[in-house]
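Here is the structure we will look at, set down as structure tokens.
Read-outs throughout are calculated quantities, based only on the coordinates presented, and are distinct from any laboratory measurement. Source: prediction; values computed, not measured. Note that each Cβ is placed from the backbone with ideal geometry, even for glycine, and that neighbours are counted across all protein chains shown.
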Amino acid sequence: MTDVQTAEVDPPWEGLTGAELHAACMHAARAGDRQAMDRLVAELTPLVWHVARANGLDRTVAEDVVQTVWLALFSQLDKLRDPKALAAWLITTTRREATHPYGRRTQPVPLSDEVAESMPSMNPAPEDEAVRADRDRRVWRAFVRLPDRCQELLRLTVLAGRAEYQLVADALRMPRGSVGPTRGRCLDQMRDLLASEGGSR
Amino acid sequence: MNDVVGAPGGKAFPDDEILLADIGRFLDELDPPPGDLVERVQFALALENLDVEVARWERLDSQAGVRGSGTGTITFTVSDLTVMINLTKIGKLHRIDGWLVPAGQYSVEVRVAEHGTTSTTADEGGRFVLDNVPRGTTQILVHLGDVSCRRTVVTPTVVL
């Protein structure tokens, strides 16, 4: 009986969440269990993605970086003994890849405006919706004009507030849902950008 | 319309909570990872040996539309190797004309999800041709170096 045939047997991480799930998957992945690797990838790709996006990569380059980071993790999984270090490792490695010479920023500024521009068509809608889309567009523009450091901190703050990303909170020593002084300053800056943007009233 | 700034009383508005809630919504609605990204990563992880270098897709503005359109020239680079491929759509298949710089008689493989692997060897000018490649989630591998120092460069998994 190979693993392939035993689909009716639940994998050892079944029913686990958060740190326990990651620990069980990392343990199985070290033994070469592809299913465990796939599970970690499915769980944590959004984290890697948002760190890549926060570090100035456009969506297409971010896709490549996400693949690079996962391959790097699984090719040296033995070096990462402590499952609690997983989030920190993913965040640091993604940052490093994003600032790598090959992680060149193809279109530094307008990339995210592009996302904003596409919003109305994503929400074709009556007037209330249009008002909301307009507000969203302005808030999003303010967000993407923040320095990378702030964007990353705010993206991670939001993720850390979600149960499935408790590991991010742990990695950043961030009590869930809290807004520390640096985050507060980033949000202040975002409000300034919103206020200074034409037509914000 | 003072829902964004200029709330009375000089209190910061929108407040932290509102902004974080907005950002949270944006992460899911405006800037989520592409829907097939997890699947593509999983395909890349099915490589036999994961000790590989992932090349970057060099996108020029004029090529912005190439991704997924099934035809055109694509360039991938890693520190010391450039892989250029030209795709020609022939019915439901692709012909891939490739060029490695610097040139070398390296072994080249193309993996397509659910279709296995096709391989060839580049000629001394670094050129290679892969015929009848099924379309789909694709990755190209280049095996460099000799027995003493073997390395594998892979392209990101892309949908061609």
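Could you list A:Val131, B:Val153 so that the one with the fewest beta carbons within 10 Å of its beta carbon is first and the one with the most is last? Show your work: numbers first, answer last.
Numbers: A:Val131 13, B:Val153 22.
The most exposed by this proxy come first: A:Val131, B:Val153.
Take B:Glu48, A:Glu129 and order them by how many other Cβ atoms sit within 10 Å, fewest up front.
Fewest to most other Cβ atoms nearby, the residues stand as B:Glu48, A:Glu129.
Using only the Cα atoms of chain B, build the gyration tensor, take square roots of its eigenvalues as a ≥ b ≥ c, and label the shape rounded, prolate or oblate: rounded if a/c is under 1.5, else prolate if a/b is larger than b/c, else oblate.
Numbers: a/c = 2.79, a/b = 2.43, b/c = 1.15.
Prolate, since a/c reaches 1.5 and a/b exceeds b/c.
Using only Cα atoms, find the angle between the long axis of helix B:16-29 and the longest principal axis of chain B, and express it within 0 to 90 degrees, rounded to the nearest 10.
Tilt of helix B:16-29: around 30 degrees.
Give me the one-decimal nm value for the distance between modelled label points at B:Asp51 and B:Glu114, 7 Å along each residue's Cα-to-Cβ direction.
3.4 nm
R0 = 51 Å: FRET efficiency of B:Val101 with A:Ala88, Cβ-based, nearest 0.05? Intermediate values should be presented prior to the final figure.
Numbers: r = 37 Å, r/R0 = 0.73.
Here the calculated transfer efficiency is 0.85.
Spin-label point model (7 Å from Cα, Cβ direction): what's the A:Arg132 to A:Asp10 distance in nm?
With each label point 7 Å from Cα toward Cβ, the separation is 3.8 nm.
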